[in-house]
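In what follows, a single structure is set out as structure tokens and then discussed.
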Amino acid sequence: MADYDVDLFVIGAGSGGVRAARIAASYGVRVMIAEEYRVGGTCVIRGCVPKKLLVYASRFVGEFEDAAGYGWTVGQPEFDWPTLIANKNREVARLEAAYTTTLERFNVGLIKGRATLDDAHTVRLASGARVRAETILISTGAWPHMGPKIPGRDYAISSNEAFHLPELPKRILIHGGGYIAVEFACIFAGLGSEVTLVCRSVNILRGFDDDIREHLRNEMGSRGITVISDHTVARIDKTGDEYVTHLHDGMKVATDKVMFALGRQPNVTGLGLEATNIRIHEHGGIEVDAYSQTSVANIYAVGDVTNRVNLTPVAIREGHAFADTVYGGKPTPVDHANVPTAVFSEPEIGVVGLTETQASERLDKVDVYKTTFRPMKATLSGRNTRAFMKLLVDGITERVVGCHIVGPDAAELIQIVGIAVKMGATKRDFDATMAVHPTAAEELVTMREKALSYGRAAAE
Ligand SMILES: Cc1cc2nc3c(=O)[nH]c(=O)nc-3n(C[C@H](O)[C@H](O)[C@H](O)COP(=O)(O)OP(=O)(O)OC[C@H]3O[C@@H](n4cnc5c(N)ncnc54)[C@H](O)[C@@H]3O)c2cc1C
């Protein structure tokens, strides 16, 4: 039998890698993990967590506005960006330390520095040392994609730098239409920046339900965000402290900062993958099976580097399932269907299941239920905002196959609706559930009238 230094070597201490290392170690195997930047990975250091803290900060503006209608007199509120960033940095450091302590508690050997592959069983560390491992897990995550090399592209920041700006930009142009672009547009607008969002598609949030896209775009517009769709950036010029972004049709937008949020690319380059027979999928991620095993039997990959569903809870689940499969004697495939997800825009989005377009392509009959209403809190305050909810139902089986919400607490709501959809709840089950009054969520169990009903079966 070959002599290995460790049973498992994990490359990348982010959401997926840390979970896999900890669970594998709990099964009694010798584990080592390498991290080239900071323990915790994207989610903790420059993703979900710091972003949500910025989202909270940006939403106070609405609270201050609403307060007057409820009888409060609030003086002129003042916002200090450096205070927010310093407090956010402190919380991120606390979480990083907690992750590190967890690894230590489980006797996982932590190597600070980059790790690459020399061959299918050999990891080379930044020091030049080599570690022989029986099994290797690649959990190196993904990196911001900055788009084609247009003139002035280097002036643009990505979400990585957005978390560390020395001051709040008075005007910012964000290029991109995905959830990260939309969330940062709402964060900066809430904190007082003048925001222009430029996206290539006909509307923001490609891949989301069309009604949701339209609704959020209108809401963003009413909060002063300028959305320019169907446009790309051709060039960025810098004059003094000002950036002038030239769009493909000649339109120009002058701002103090330009941010690109054009999607993320799996971290597969420079890893030494060519020293193995690991296959890369056509979508750019490492190709794996349902157990996260790559085309090389002793090498596995989880999380964003596999470009399946790029979310923290998914990376964690994949890492856990890998450890259960390989070390726990419990072969565990990961089910990527009906993953609930949120966009922390203002207002928030929560979705689970099929969009209407997907439902109409896949089902013989689709029943659509929709409602839009003014959230109760906005009544006294007079705030100009509306919530939107949509249920998509398989017209044959009556199962709820999609739920789409825009409005306050949509992310919290969709977590619970996700359970019902995962369990295969029918519209009848929703209707049989007593409403909680007065809430926005009660609309989900009181939508009686179909907005639409169509499909192949309906036409017969
Ligand atoms: C701005 C932003 C907001 C987000 N918001 C959300 C959200 O609200 N909800 C949600 O679910 N998801 C969100 N995500 C996505 C989420 O952060 C990722 O899906 C998740 O972090 C993926 O985990 P991972 O383990 O695959 O990779 P990561 O967490 O990225 O970890 C990979 C780690 O590997 C390290 N690494 C890379 N190469 C090497 C190497 N060769 N050697 C050593 N170390 C290496 C990296 O430094 C990194 O720490 C967000 C992402 C971003 C960028």
Exercise for review: Quickly work out the residue 120-to-residue 335 label distance, labels modelled 7 Å from Cα along the C-beta direction, and quote it in nm with one decimal.
Suggested key: 3.2
Check your understanding: How far is helix 48-67 tilted off the main Cα axis of the chain, in degrees rounded to 10, range 0 to 90?
Key -> 20
Revision key, fill the gap. At the level of C-alpha centres, the distance separating segment 200-253 and segment 403-460, in angstrom, is 32
**Study point:** Coil-residue trypsin sites (Lys or Arg not before Pro) of segment 279-318, DSSP, other Cβ within 10 Å capped at 14
**Key:** 279
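Taking 31 Å as the cut-off for C-alpha to C-alpha distance, list the pairs among 52/365; 51/149; 51/238 that go past it. Display every interim value, and only then the final one.
Numbers: 52/365 38 Å; 51/149 27 Å; 51/238 28 Å.
Violating the 31 Å limit, Cα to Cα: 52/365.
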Exercise for review: Could you check the simple spin-label distance between residue 91 and residue 143, using points 7 Å along Cα→Cβ, in nm with one decimal?
Suggested key: 2.9
Review point. What relative contact order, as a whole-number percentage, does segment 355-460 give when Cα pairs under 8 Å and 6 or more residues apart are counted?
Key: 33
**Study point:** Cα-based helix-to-principal-axis angle, 210-222 vs the chain, degrees rounded to 10
**Key:** 70
Practice item. Working with all protein chains in place, sort 434, 259 by solvent-accessible area computed with a 1.4 Å probe, largest first. Key: 434, 259
Check your understanding: How large is the accessible surface per residue of the chain, computed with a 1.4 Å probe and reported in Å² as a whole number?
Key -> 47
Check your understanding: Mean separation of Cα pairs under 8 Å and 6+ residues apart, divided by the residue count of the chain: what relative contact order is that in percent?
Key -> 15
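Hey, with R₀ at 45 Å, roughly what FRET efficiency would residue 70 and residue 194 work out to, going by the Cβ-Cβ distance, to 0.05?
Values: r = 28 Å, r/R0 = 0.63.
The formula returns an efficiency of 0.95 here.
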Practice item. Return the loop-located trypsin sites (Lys or Arg not before Pro) in segment 118-212 (DSSP other than H, G, I, E, B) with at most 14 other Cβ atoms within 10 Å of their own Cβ; answer none if there are none. Key: 149, 170, 206
Revision key, fill the gap. Residue-normalised 222 nm signal for the chain, counting each DSSP H run of n ≥ 4 as -39,500 (n - 2.57), nearest 500 deg cm²/dmol, is -9500 deg cm²/dmol
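How high is the FRET efficiency between residue 132 and residue 297 when r is their beta carbon distance and R₀ equals 25 Å, given to the nearest 0.05? Please report the intermediate quantities before stating the final value.
On the way: r = 16 Å, r/R0 = 0.65.
My answer for the efficiency is 0.95.
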Check your understanding: For segment 329-378, rounded, prolate or oblate, judged on the Cα gyration tensor with a ≥ b ≥ c (square roots of eigenvalues), a/c < 1.5 rounded, else prolate if a/b > b/c?
Key -> oblate
Revision key, fill the gap. Expressed in nanometres to one decimal, the distance between label points 7 Å along Cα→Cβ at residue 446 and residue 239 is 5.6
Exercise for review: Would you mind pulling out the separation of the Cα centroids of segment 45-109 and segment 144-171, in Å?
Suggested key: 21
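How far, in nm, would the chain grow between residue 434 and residue 48 when pulled straight, counting 0.36 nm per residue and subtracting the alpha carbon separation? Kindly include the intermediate steps, with their values, before the conclusion.
On the way: separation 386, 0.36 × 386 = 138.96 nm, distance 3.36 nm.
Between residue 434 and residue 48, full extension yields an extra 135.6 nm.
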Check your understanding: By the scheme Lys and Arg +1, Asp and Glu -1, what is the net charge of all other residues having a beta-carbon under 12 Å from that of residue 311?
Key -> +1
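Ranked by accessible surface with a 1.4 Å probe, highest first, in what order do 72, 81, 143 come?
Values: 72 175, 81 10, 143 120 Å².
The residues order as 72, 143, 81, largest area first.
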Review point. When averaged across all projection directions, what area in nm² does the alpha-carbon convex hull of segment 353-460 cover?
Key: 7.0
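Determine one quarter of the surface area of the Cα convex hull of segment 308-404, which equals its mean projected area, and express it in nm² to one decimal. Could you put the intermediate results ahead of the total?
Details: hull surface 35.3 nm².
For the Cα atoms of segment 308-404, the hull's average projected area reads 8.8 nm².
Please find the FRET efficiency linking residue 372 to residue 83, where r is the Cβ-Cβ separation and R0 is fixed at 45 Å, and quote it to the nearest 0.05. Present the calculation step by step, with values, prior to reporting the outcome.
Working: r = 37 Å, r/R0 = 0.83.
The calculated FRET efficiency here is 0.75.
Using 0.36 nm times the number of residues separating residue 56 and residue 249, minus their current alpha carbon distance, what extension gain do you get?
65.8 nm
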Review point. Could you give P(r) for the chain, binned at 10 Å from zero, as whole percent values over all Cα-Cα pairs?
Key: 4, 18, 25, 26, 19, 7, 1, 0
Check your understanding: What percent does the relative contact order of segment 1-72 come to when contacts are Cα pairs within less than 8 Å and at least six residues apart?
Key -> 28
Point to revise | Angle in degrees between helix 410-423 and the longest Cα principal axis of the chain, rounded to the nearest 10 | key: 70
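The values are calculated or read from the model by the stated rules, or taken from the named source; none is laboratory data. Just so you know, these numbers come straight off a predicted model, no measurement behind them. Reconstructed Cβ throughout: ideal geometry from the backbone, glycine too, with neighbour counts over all protein chains shown. What goes into the accessible areas is simple: the full protein's heavy atoms, side chains included, and nothing from ligands, DNA or RNA. Shrake-Rupley method; radii C 1.70, N 1.55, O 1.52, S 1.80 Å.
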